[in-house]
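A short worksheet on the structure shown next.
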Amino acid sequence: MDREKSDKIVMELEKAYPMAECTLDYEEAYHLLVSVRLAAQCTDARVNKVTPALFAKYPDAAAMAAAPAEDVEELIRSTGFYHGKARDIVAAAKMITEKFGGRVPDNMADLLSLPGVGRKSANLILGDVYGVPGSVVVDTHCIRLTGRLGYHSIKDPEKIEYILRDILPAEKANDYCHRLVMHGRAVCTARAPRCAQCVLHDLCQYAKEEEK
């Protein structure tokens with residue numbers, strides 16, 4: 001895909017979804033880090049129902065670092081895969097407390113050193129919390145929509161991240177990914193994309209192929 005076409009896609013999504021924001025509720029970097037881990041194989045809506053009680057009991061990394069894993073498991077059970085999630089959350093909290101002075105790191109390398117944190121989570125924190133330009137969050141919506149639009153024909157999240165980073169305006173990359181999530185939920189769904197109602201219809205490779 002050329003940059004001119006990509007810029008048109010960015011513009012159309014901006015018009016369709018002017019309020020680009022993360023759908024996870026959080027007040028600080030630590031809350032977002034925990035919420036993203038809980039969101040694995042779980043809806044953001046469910047995570048947002050679970051985290052108020054979790055953060056009321058363990059409001060920061062220091063408190064979570066001292067938490068018994070079984071207590072955390074009970075609070076997050078409804079998000080699924082709660083054994084692994086609790087283990088990672090407590091371990092990450094200990095590392096943040098002991099190695100990073102209680103502050104969630106603001107760079108990719110240190111974020112990736114935390115248990116349970118991958119590039120998707122790290123980019124979300126860098127973009128949403130620290131405002132780092134070029135933070136491309138490659139989730140399932142991003143993979144599906146950018147593939148259909150014609151940015152790529154692959155499934156590798158890290159390779160997709162670099163493809164998008166090269167073509168998207170750095171200052172718009174993070175919001176662009178949030179808008180893809182909104183569009184993926186509302187229009188370009190996995191099973192039944194509503195191409196006829198899509199604002200990107202004339203720019204989309206998938207739509208053109210479906211009409212042949």
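Please treat every number below as a calculation from the coordinates, not as lab data. What you are looking at is a predicted structure, and each value in this text was computed from that prediction instead of being measured. Here Cβ is always computed from backbone atoms with ideal geometry, including for glycine, and neighbour counts include all displayed protein chains.
In deg cm²/dmol, rounded to 500, what helix-only [θ] at 222 nm does the chain give when every DSSP H run of at least 4 residues adds -39500 (n - 2.57) and the total is split over its residues?
Counting only the DSSP helices, I get -17500 deg cm²/dmol.
Cβ crowding within 10 Å, taken as a proxy for footprinting-reagent exposure, orders Leu24, Leu54 from fewest neighbours to most as Leu24, Leu54. Treating r as the C-beta distance of Arg3 and Arg77 and R0 as 30 Å, the FRET efficiency rounds to 0.05. The modelled label-to-label distance for the pair Glu209/Arg185, using points 7 Å beyond Cα in the direction of Cβ, is 2.7 nm. A simple spin-label model places the labels of Ala196 and Glu27 4.8 nm from each other, with each point 7 Å out along Cα-to-Cβ. Place a point 7 Å from Cα of Ala170 in the direction of its Cβ. Which residues in region 111-153 have their backbone N less than 14 Å from it? Within reach of a label on Ala170, which here means backbone N under 14 Å from a point 7 Å along Cα→Cβ, region 111-153 contributes 127, 131-136.
Helix 44-57 axis versus longest C-alpha principal axis of the chain: approximately 20°, rounded to the nearest ten. Would you mind checking the pairs Lys5/Lys85; Lys5/Lys120; Lys57/Lys159 and listing those with alpha carbons more than 30 angstrom apart? In this structure, Lys5/Lys85; Lys57/Lys159 exceed 30 Å between Cα atoms. With each pseudo-label sitting 7 Å past Cα toward Cβ, what's the Tyr130-Ala62 distance in nm, one decimal? Here the answer is 2.2 nm between the modelled labels. With a Förster radius of 35 Å applied to the beta-carbon distance between Met19 and Ala69, the computed FRET efficiency rounds to 0.40.
Can you bin region 49-192 into rounded, prolate or oblate? Criterion: square roots of the alpha carbon gyration tensor eigenvalues sorted a ≥ b ≥ c, rounded for a/c under 1.5, prolate for a/b above b/c, oblate for the rest. Since a/c reaches 1.5 and a/b is larger than b/c, the shape of region 49-192 is classed as prolate.
Just to be sure I understand: with springs between alpha-carbon atoms less than 10 Å apart, which residue in Glu70, Glu158, Glu171 has the highest mean-square fluctuation in the Gaussian network model of the chain? Per the Cα network of the chain with a 10 Å cutoff, Glu70 tops the list.
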